[in-house]
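Below: one structure, written as structure tokens.
The values are calculated or read from the model by the stated rules, or taken from the named source; none is laboratory data. Here the structure is a predicted model, which is why all the values come from computation and not from measurement. For neighbour counting, all protein chains shown are included, and Cβ atoms are generated from backbone atoms with ideal geometry for every residue, glycine included. Calculation scope for accessible area: heavy atoms of the full protein, side chains included, ligands and nucleic acids excluded. Shrake-Rupley method; radii C 1.70, N 1.55, O 1.52, S 1.80 Å.
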Amino acid sequence: MRWKLAAATAVLFTAGLIGVPAAAQAGPLVSARPSPQEVGRALATLARVSDGRVRLGIIGRSNEGRPLRLASVGHGRTRLLFVTQQHGDEPLGTPAAVRALRELGVGNSAWHKWLRSRVTVDVVVQANPDGAVRNQRYNHDPGAAGEYSEPGVGYDINRFHNPLTPIEDNPVPESRAVLRYWHKTHPRVVVDYHMQGRYRQPDGRETTASILWPTSPLVQGKPLDAARRVAVFTYDAMTERAGADVTRYPGGDYEGIARNAYGILGSASLLAELSDLPADQVEFQINSAYVSMVSTVTAAADGSLWRVDPARADTVPARGPSLPGAISTLSRADAA
Ligand SMILES: [Zn+2]
């Protein structure tokens, strides 16, 4: 099995590196900033051309009634959960996820079949559709008030995953839906995809992505080790297989942040932030996220994810200062 896996992985990543996924002939991609309708159409096509190997579901509804879309591939024991675009103005995880679902679900080689027998991959694709249509960080809730809200606009979904709060007291339908799905499936790995501004490292290179594991003091021991393994693996995959420059994201300890929340619940939890680079590097950024998703799935399937040295997480360089005068493509506020 080892040689077969290595060969198949090599093919896959060669394809990923040059931006032509192996299953490119089957099904469309979405744009860099897709509308919820565009996401829905692309996923429906993937379900069809994969002969049902990409399975579609809805884990809840936004305040405006939009479906919170779930797409799943595989039937293996090890479960992974990816979440994209909790912040509506941070879109690039969504096209990356559509691409990963196509690769994992439409591809049907012996290697793909083996992979799907080992893992179940769930993706909450575009977790904040109401924010996506407005290109805004928050969900849409004119009654929003209090901490982690923009009064009259909505709530910051990524502050409402606190597993210590009774779910019926949680005012954010998108967060409730992800939390409930977590409790239903107990994924071993959770990766949450966001976007950040632009940063320059002391060596002059620009950060293209940042990552961070749970930093809540409530996450200790095995779940923390596992999260740091996923972080190191993601660092290696993004740098070596996608050419990314990856740094450590300076995130906080609050339990309501998905990165911390799903670590508290016991998953190997990671935040991935793609920098908001100019238009000619958007494809590079989508590919970085795509490569990290497919690589992590592969390493979870063959177990290599758990043989990474978690102590190496401490060597991921700190993020440098903000790049002055940077022009952002996606015109968004800079926040995780
Ligand atoms: Zn964000």
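Along the axis of the charge dipole computed for the chain (Cβ charges of +1 for Lys and Arg, -1 for Asp and Glu, origin at the Cα centre), the listed residues Ala177, Pro34, Leu104 are led at the positive end by Leu104. Between Val153, Gln201, Gly243, the Cα set farthest toward the positive side of the dipole of the chain (charges on each charged residue's Cβ, about the Cα centre) is that of Gly243. Placing pseudo-labels 7 Å out from each Cα toward the beta carbon at Leu29 and Asp169 gives an inter-label distance of 4.5 nm. For the chain, pairs of C-alpha atoms spaced more than 38 angstrom apart make up 7 percent of the total.
With +1 assigned to the C-beta of every Lys and Arg and -1 to the C-beta of every Asp and Glu, and no other charges, what is the dipole magnitude of the stretch 2-315 about the Cα centre in debye, to the nearest 20? Mind showing how you got there, number by number?
Working: 35 positive and 31 negative charges, 290 e Å.
Here the stretch 2-315 has a charge dipole of around 1400 debye.
What separates the Cα centres of the stretch 88-165 and the stretch 64-84 is a distance of 9 Å.
Distances longer than 13 Å among the Cα atoms of the stretch 72-115: what percent of all pairs is that? Don't jump to the answer; show the numbers that get you there.
Numbers: 570 of 946 pairs.
That tail contains 60 percent of the Cα-Cα pairs.
Sorting Asp89, Asp203 by solvent-accessible area of protein heavy atoms yields Asp203, Asp89, largest first, with a 1.4 Å probe. Remark: the Glu64-Ala44 segment gains 5.1 nm on full extension, using 0.36 nm per residue and subtracting the alpha carbon distance. Residue ranges 184-196, 147-159 sort as 184-196, 147-159 when ordered by packing (mean number of other C-beta atoms within 10 Å per residue, highest first). Once C-alpha pairs closer than 8 Å and six or more residues apart are averaged by separation and normalised to the residue number of the chain, the relative contact order reads 19 percent. Per residue of the chain, the DSSP helices (runs of n ≥ 4 H) give a summed -39500 (n - 2.57) that works out to -11000 deg cm²/dmol at 222 nm.
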